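The values are calculated or read from the model by the stated rules, or taken from the named source; none is laboratory data. Everything quoted here is computed from the prediction, not taken from an experiment. Cβ sites come from the backbone with ideal geometry, for glycine too, and all protein chains shown count toward neighbours. Areas reflect the complete protein model, heavy atoms only, side chains present, ligands, DNA and RNA absent. Shrake-Rupley method; radii C 1.70, N 1.55, O 1.52, S 1.80 Å.
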Amino acid sequence: MLQIKDLHVSVQGKEILTGLNLEVNAGEVHAIMGPNGTGKSTLASVIAGNENYEVTKGEIIYNSKNLLELSIEDRAREGVFLGFQYPVEIPGVSMTNFMRTALDEIREYRGEKPLSAAQFLKYMKQKKALVEMQDKLNNRSVNEGFSGGEKKKNEIFQMAMLEPKLAILDETDSGLDIDALRIVANGVTKLKSPENATIVITHYQRLLDYIVPDFVHVMYEGRIVKTGDKSLALELEEKGYDWIKDELKA
Amino acid sequence: MAKDEQKIIGDVTNSDYKYGFYSDIETDTIAKGLSEETVRIISMKKEEPEWLLDFRLKAYRKWLTMEEPDWAHLNIPPIDFQDIIYYAAPKKKKELESLNEVDPELLDTFNKLGISLEEQKKLAGVAVDAVIDSVSVKTTFSATLEEKGIIFMSFSEAVQKYPDLVKKYLGTVVPIGDNYFAALNSAVFSDGSFCYIPKGVRSPVELSTYFRINTANTGQFERTLIIADEGAYVSYLEGCTAPQRDENQLHAAIVEIIAHKDGEVKYSTVQNWYPGDKEGKGGIYNFVTKRGMCEGDRSKISWTQVETGSAITWKYPSCVLKGDFSVGEFYSVAVTNNYQQADTGSKMIHLGKNTKSTIISKGISAGKSHNSYRGLVRINPKADNSRNFSQCDSLLLGDKCGAHTFPYIESMNTSAIVEHEATTSKISDAQLFYCQQRGLSPEKSIGLIVNGYAKEVLNQLPMEFAMEAQKLLSISLENSVG
Ligand SMILES: Nc1ncnc2c1ncn2[C@@H]1O[C@H](COP(=O)(O)OP(=O)(O)OP(=O)(O)O)[C@@H](O)[C@H]1O
Ligand SMILES: [Mg+2]
């Protein structure tokens, strides 16, 4: 589904991703961990198409398309979803209206008819239940005045609505209380299917108790430097990152 | 991302005015130019009573002594008042019984605008007094209104049928010498709407007028007079679009509103006149005097406007709060793009005790346009315990446009509370990225963000009108910003 080869990315002349390789197949869950500032969010942004980042070398192939040639919105319409580490507020635009517009655009791209108002509301209700989202949040403006945890839940709700093929969740677990964490993780698990794939970026192994990853990658200085299974996350939790740094130096 | 935004704004800024067409209805015009003779001809053509001719002549003589206002933030090319046709009316055919008899060309025009009379009648329950150029062509729903004693007709018709009412109120809110353009209008006004809601009556429908400027070189001088008698209520809608023309067209309307004791008038406008092309050529000059008089205790007047058109807009819907406990409101969204200039705002004059006013102004600037808010809140010495709240927000798209805020506050009563808030913001790259990541095109994203920004004002509009306004914002923001 996704092949990233020797990806180099700079922002304002500074190289942040320094030759990153990653392969993700349908049905898989990948976890990416790594110290602050190593480029995890940068990777997510580049996949989503954020133009602040300049790809200087390498390629990203997504479902045999050259992803780097697609516009931001076409990537989204092709099924790429980014759960933001810091979701922005859009004052005056209700969640309902936002999701309706997004879904209409995506369906149109896929040559599907727009849902009727009734169908849409029913669909939204189902998805809301999935993430145990409170009703009142839908009538509020996008993320405006949402608590940190509500914003994160809202990202998962949007993911549920848009049914992406490739979801990248950037620290969706930070700032969540233990119940919210369970809800978010269950939401992700329920949405999992053999056709889609998920990349979770996280600092905490506890998320991985709920979302069991097939692979755990460690990112350091703009590259993936170690890949393992779930036990790697446990090891990191216990020992921190120094031993990996040492290994690299050795 | 910044690059992208530039591109979007560029695209949007370059698209052409969607309603740029003009219909070819036979019109009866008089020669160009303005003189006492012109004023007399207009009055004669309209078969007006003597007092109205006197009113016009007085205004004309006053106008001769006045100077064109010179506003710091509007760049107005000199207007040649002798190069304007002051009277144009669709040629009178026989009285129309039904829509079938209406000029098909006219119906076609309405259809292009998506506001066919039929549709309006059926779907919206709106009585439409369609004004093409200067003479009302069709009034619908009059029967329903008549039953309630509501008078809603063209101004000229009202002059013939209810001269006493017209005489009693005309010029009482906007005196003939109020300002340069008001004096001009008072001298040469062609037609407009008249509306009277009798004591204790709530209008069962929203009264709506669609104005269009239709003849090349015709100055448009609308005159509207709305009166809510004691305890009466009406919601009044005015909307307009204009055909694309090469030459500048002057529009200097006057709207006067009077609300008696416990009376309420809600006045909503969606204005979409031809703003000029990408180089700023052509387009309507819109110099409008709109003022409401809260005459009686507990009366209320609210102005809601969505301004997307005109090359130059100069407009300050105002309220004089004379009655105790009277309320004045002003909600505005003004969009400027390309070389458009807007200088708009409101004046709230507090005279009575415990009077209250609210001003919510949302300016959106794109292209090389300039958008100014100019407002005055005056609390007179006797206006004990009066309150005003003003909020003026500006949203900038791109970095070549400008937003300016000029709030003037004159409080002569220490018990008054006047609050003013102002913000300036830009659509952020992060917001655009977020929307696009959810599958929205850049244009849709900007449209959505801008509509969200203007929501507080759009919410004030009646339902059907709000949807139309939203579309218009998106068009002028698809086509003008996003
Ligand atoms: N737009 C930008 N302009 C300048 N520097 C940037 C920009 N975006 C990211 N960086 C820098 O790139 C590096 C990687 O940032 P990134 O956000 O990808 O890290 P991260 O691994 O997600 O960190 P964290 O775990 O703290 O979320 C950091 O040094 C950051 O300061
Ligand atoms: Mg990060």
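Scan A:Val46, A:Val55 and give me the residue that is of a type in the set (Val, Ile, Thr), open to solvent by less than 60 Å² (accessible area, probe 1.4 Å) and either within 16 Å of the chain's Cα centre (by Cα) or within 16 Å of ligand 2 (Cβ to nearest atom) (or both). Sole residue among the options that is of a type in the set (Val, Ile, Thr), open to solvent by less than 60 Å² (accessible area, probe 1.4 Å) and either within 16 Å of the chain's Cα centre (by Cα) or within 16 Å of ligand 2 (Cβ to nearest atom) (or both): A:Val46. Here B:Asn413, B:Asn385 are screened, and the one residue that is more than 14 Å from chain A (Cβ to nearest Cβ) and either in a helix (DSSP H, G or I) or open to solvent by 40 Å² or more (accessible area, probe 1.4 Å) (or both) is B:Asn385. Only one of the listed residues (B:Cys435, B:Cys392) is buried (at least 17 other Cβ atoms within 10 Å of the Cβ) and assigned to a helix (DSSP H, G or I). That residue is B:Cys435. If you filter the range A:17-37 down to residues that are surrounded by fewer than 22 Cβ atoms within 10 Å (Cβ to Cβ) and farther than 19 Å from A:Val80 by Cβ, you find that the one that is farthest from ligand 1 (Cβ to nearest atom) is A:Gly19. With a cut-off of at least 1 residues that are more than 14 Å from chain B (Cβ to nearest Cβ), name the helices (runs of 4 or more DSSP H) lying wholly within the range A:30-109. It comes to A:40-48. All conditions but one from (1) over 19 Å from the mean Cα position of the chain (by Cα); (2) over 30 Å from B:Leu395 (Cα atoms); (3) without any contact (Cβ under 8 Å) to a residue 40 or more places away in the chain apply to A:Glu105; the one that does not is (2).
The combined condition, being within 14 Å of chain A (Cβ to nearest Cβ) and either modelled with pLDDT of 95 or more or in contact with a Pro (Cβ under 6 Å, 6 or more places away or on another chain) (or both), is fulfilled by B:Ile8. Restricting attention to the range A:163-207, the residues being in contact with a strand residue (DSSP E or B) (Cβ under 7 Å, 6 or more places away or on another chain) and within 16 Å of ligand 1 (Cβ to nearest atom) number 11.
Scanning the range B:294-331 for residues that are under 23 Å from B:Lys400 (Cβ atoms) and not β-branched (Val, Ile, Thr) gives B:Glu307, B:Gly309, B:Ser310, B:Ala311, B:Trp314. For the range A:110-123, the tally of residues that are more than 14 Å from chain B (Cβ to nearest Cβ) and assigned to a helix (DSSP H, G or I) stands at 6. In the set A:Phe98, A:Phe84, only one residue is in contact with a strand residue (DSSP E or B) (Cβ under 8 Å, 6 or more places away or on another chain), within 16 Å of ligand 2 (Cβ to nearest atom) and within 30 Å of B:Val333 (Cβ to Cβ); that residue is A:Phe84.
Pairing residues of the range B:421-444 that are within 7 Å of chain A (Cβ to nearest Cβ) with residues that are part of a strand (DSSP E or B), at Cβ distances under 7 Å and at least 6 apart in sequence or on separate chains, gives B:Gln431/A:Ile90; B:Gln437/A:Leu82. If you go through the range A:43-79 and keep only what is near ligand 1 (Cβ under 9 Å from one of its atoms) and touching a residue at least 40 places away in the same chain (Cβ under 8 Å), you end up with A:Leu43, A:Ala44, A:Asn52, A:Tyr53.
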